[in-house]
Every structure is written in C-alpha cells, then in structure tokens.
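The values are calculated or read from the model by the stated rules, or taken from the named source; none is laboratory data. All values reported here derive from a predicted model rather than from experimental measurement. Because the Cβ atoms are built from the backbone with ideal geometry, glycine has one as well, and the counts that use them run over all protein chains shown. What goes into the accessible areas is simple: the full protein's heavy atoms, side chains included, and nothing from ligands, DNA or RNA. Shrake-Rupley method; radii C 1.70, N 1.55, O 1.52, S 1.80 Å.
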Amino acid sequence: MSYTVRSTEKLRKSGADFETKSLLYLMNFHSSDIEPHYFIVDFFNDLTGVDRLGDKLIDVQSKAKSNACAKEIGRELVTLYKNYLSDFHFTEYILFLGGVPASFREDDTKTEFYIENIKKEAKESLVSGLKEEINKKEYTKNLPFNQTKFNEFVEKVLFVINDKAEKEYIKGIIKTEKINIVLDENKLIAIFNEIRDRQASKKNTNNIEGITILIQADA
C-alpha cells in the first residue's frame with residue numbers, strides 16, 4: 001500500500017493566518033476522543049493531527065473565504081475525500097471554514113455541525129461541487145466512483161466555522177494563571193504571528209510534491 005503527496009501549496013498571509021487558526025482550534029478547542037500529540041503540516045492535507053501512538057489521524061482542510069457559496073465549499077472537500085479513499089485510516093475529517101452563506105445552515109447558531117444541519121438546496125450544491133472537483137483533479141478523476149463510499153464520506157465530515165479572533169485562540173492555549181506575566185493584546189497577536197510564520201515556513205520550504213510513502217500492512 002502507498003500514499004502519494006499531491007497538490008501542495010504556498011500561502012498568502014490571509015491563508016497562513018487561517019491555517020494557524022485551524023491548528024490552534026485542533027490543539028485546544030476541538031472535542032474528540034483523540035488527543036493530537038503531533039501536527040503534520042501540508043502533507044496529507046493542510047493539517048493533520050496525530051495521536052501519541054501515531055495510529056489515529058484527524059484530517060483538516062481549511063477554507064479562509066468567509067462568503068463562499070455551497071458549491072465552492074463542496075469543492076474544498078476533495079482532498080478530504082481523496083484521503084478517505086486512501087490506504088491510510090483517518091479517524092476524523094474536518095473542513096474549517098471562514099464562514100458560510102445565510103442559506104447554508106438549518107440551525108445558524110451551530111458553528112460545528114455535520115451535513116444534517118445543511119439545508120437541502122445547499123446540500124445539493126455542495127455535493128455537486130465535490131463531484132465536479134473529483135472529476136477535475138488529477139489525483140481523483142481516474143478513481144472508480146463508488147456512490148456508497150461517497151455518501152459515507154459526506155456523512156463523516158465535520159464542518160467548523162471560525163468564530164474567534166487570533167488573540168482568542170492564543171488565550172485558549174495559554175493558562176495565564178500558571179505563569180507570572182500579563183498577556184496584552186499585542187503580546188497575544190505576536191505569539192499568534194510567530195506560530196503562523198513557523199507553520200507557513202513548513203509549507204514554503206519543503207518540496208514534497210509527488211513523494212510516495214509505503215504503508216506496511218498489518219501482519
């Protein structure tokens with residue numbers, strides 16, 4: 001079994017900011033039975049959280065745009081879908097979004113939800129966008145389409161809408177009562193920016209496009 005890295009990217013500042021929010025979300029705000037111990041940047045996807053033993057993976061794709069339509073959002077699911085079909089076992093699939101249109105959610109108070117909270121017309125557009133992208137991408141268009149697996153996949157995706165500013169994500173990971181410093185807004189943003197720059201540097205310096213790794217099957 002094997003896995004080939006496809007569609008790596010370099011980032012603009014806005015995209016880098018948003019991917020750092022998704023990292024900090026996964027570190028401290030995501031509710032899961034899996035506690036990520038390692039974070040892999042731009043390999044399987046924008047971000048992958050891995051448990052301490054290395055056998056449970058959370059797959060995260062980010063979309064910074066705050067006014068994307070349902071069809072655009074569906075297109076963003078394609079790398080999650082690719083990984084769902086891969087030989088690796090991903091335990092969770094997350095699409096981290098900058099925002100959704102008013103016509104997207106049944107209950108617009110929920111910022112974390114599955115497809116059952118997406119309105120019927122929006123759901124149809126989302127599915128259409130994903131199918132179009134599957135037929136367009138080199139790494140999925142030649143795969144045999146399986147409607148059952150496709151339906152299973154879309155049921156598994158957790159949609160998360162960003163609802164915090166940079167400083168709030170940093171506050172969430174720093175327990176200020178345990179350290180004898182005062183973190184004002186400038187310090188919080190400076191910490192966020194340092195994390196962002198280090199994270200972005202992983203994407204901008206490592207040329208891993210096309211690398212294939214072999215997966216050892218269980219005996």
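Annotations
- Condition check for ASN142: in a helix (DSSP H, G or I) and without any contact (Cβ under 8 Å) to a residue 12 or more places away in the chain: no
- Matching residues in region 82-133 - criterion: being among the charged types (D, E, K, R), part of a strand (DSSP E or B) and farther than 16 Å from ASN151 by Cα: ARG105, GLU112
- Here ARG105 meets the list (1) open to solvent by 10 Å² or more (accessible area, probe 1.4 Å); (2) closer than 14 Å to LEU158 by Cα; (3) out of contact with any helix residue (DSSP H, G or I) (no Cβ under 6 Å at 6 or more places or on another chain) almost entirely, failing just condition (3).
- Residues being open to solvent by less than 60 Å² (accessible area, probe 1.4 Å), under 15 Å from the mean Cα position of the chain (by Cα) and at pLDDT 65 or above - total across region 1-28: 12
- Answer residue from region 157-188, given it is part of a loop (DSSP other than H, G, I, E, B) and open to solvent by 60 Å² or more (accessible area, probe 1.4 Å) and is modelled with the highest pLDDT among those: ASP163
- Of all the criteria given as (1) of a type outside the set (Phe, Trp, Tyr); (2) surrounded by 15 or more Cβ atoms within 10 Å (Cβ to Cβ); (3) modelled with pLDDT under 95, the one not satisfied by HIS89 is (2).
- Hey, ILE191 surrounded by 13 or more Cβ atoms within 10 Å (Cβ to Cβ), under 15 Å from ILE40 (Cα atoms) and either modelled with pLDDT of 90 or more or touching a Lys or Arg at 6+ places or on another chain (Cβ under 8 Å) (or both) or not: no
- If only residues of region 50-79 that are more than 20 Å from ALA200 (Cβ to Cβ) and touching an Asp or Glu at 6+ places or on another chain (Cβ under 6 Å) are counted, the one that is most open to solvent (accessible area, probe 1.4 Å) is ARG75.
- Residue selected from region 76-135 under the condition in contact (Cβ under 8 Å) with a residue 12 or more places away in the chain and small (Gly, Ala, Ser), by the criterion farthest from LYS56 (Cα to Cα): SER103
- Residues of region 47-94 that turn out to be among the acidic types (Asp, Glu) and closer than 20 Å to TYR114 by Cα, as a count: 4
- Any hit, region 56-72, residues being touching a residue at least 60 places away in the same chain (Cβ under 8 Å), part of a strand (DSSP E or B) and not aromatic (Phe, Trp, Tyr): no
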